[in-house]
Amino acid sequence: MPVSSSKLVGLGSKATSLIQTIWNPADTNGTITLSSGDRVASIANAAGQYKGTRSVKSTDGTNKLYGEITIGTTVANNIFGVGTSSVSLSGGYLGSTSSGWGIQYGGQKVTNGTFSSFTGGPISNGDIFMVAFDSVNGDLYFGRNGSWFDSGSPLFTGVSPNIFLLASMSGTASATLAESLTYAVPSGYDIWV
């Protein structure tokens, strides 16, 4: 996917033999169960309580990374996206502070406690949630099922250069970092390994 005028365009062919990062068992709230080699994060009966998990791999300020989160059973308030190591994994939701950026299952983007609309949402059960982050320029792109939100424009700019993939869940929900990607890695980006 080439970057042109701060937009991600095209997807290319499917990529099925790439291996992406896993959820970090040492950086996961105890209410969340990890399974399938730490690729599936699940929570059950935790209504009103946001609990989170972070990926093993973070960006480093010199790279451009792409990853996918498969949305399993979930509810309207769950949030998927990225954040720094300071994002709380218990109590606060992803995006409640300026160190987290996400998409609420119900269809709004959020950071620093502010929810706002975007073109292309909401996300649904079974969707492949796409994340592309240019840690050099701080541009963060989200999409689903092969299409980028806001027509490929970054949903957030000026994002911290050191972030992890994150799931912030309540109720009964799951999020999977599949071993194989469904969509091709954008041109100029590497897989989030």
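The values are calculated or read from the model by the stated rules, or taken from the named source; none is laboratory data. Fair warning: this is a prediction, and the values are worked out from it, not measured in the lab. Quick reminder, even Gly has a Cβ in these numbers, built from the backbone with ideal geometry, and neighbours come from all protein chains shown. Just so you know, the surface numbers come from the protein's heavy atoms only, side chains and all, with ligands and any DNA or RNA stripped out. Shrake-Rupley method; radii C 1.70, N 1.55, O 1.52, S 1.80 Å.
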Working only within the stretch 29-50, note down all residues that are part of a strand (DSSP E or B), in contact (Cβ under 8 Å) with a residue 12 or more places away in the chain and more than 15 Å from the chain's Cα centre (by Cα). Leu34, Ser42, Ile43, Ala44, Asn45, Ala46, Ala47, Gly48, Gln49, Tyr50
Of the listed residues (Asn137, Asn125, Asn112, Asn162), the one being within 22 Å of Ala44 (Cβ to Cβ) and surrounded by fewer than 16 Cβ atoms within 10 Å (Cβ to Cβ) is Asn125
Scan (1) in contact (Cβ under 8 Å) with a residue 24 or more places away in the chain; (2) not in a strand (DSSP E or B) for the single condition Ala173 breaks and write down its number. (2)
If you check Phe129 against the conditions, is it under 12 Å from the mean Cα position of the chain (by Cα) and within 20 Å of Ser170 (Cβ to Cβ)? yes
Pick out the one residue from Ser151, Ser117 that is free of Cβ contacts under 8 Å to residues at least 12 places away in the same chain, open to solvent by 10 Å² or more (accessible area, probe 1.4 Å), more than 20 Å from Trp23 (Cβ to Cβ) and in contact with a strand residue (DSSP E or B) (Cβ under 8 Å, 6 or more places away or on another chain). Ser117
Answer from Thr84, Thr62, Thr70 - the residue that is in contact (Cβ under 8 Å) with a residue 24 or more places away in the chain, within 14 Å of Phe129 (Cβ to Cβ) and open to solvent by 10 Å² or more (accessible area, probe 1.4 Å): Thr70
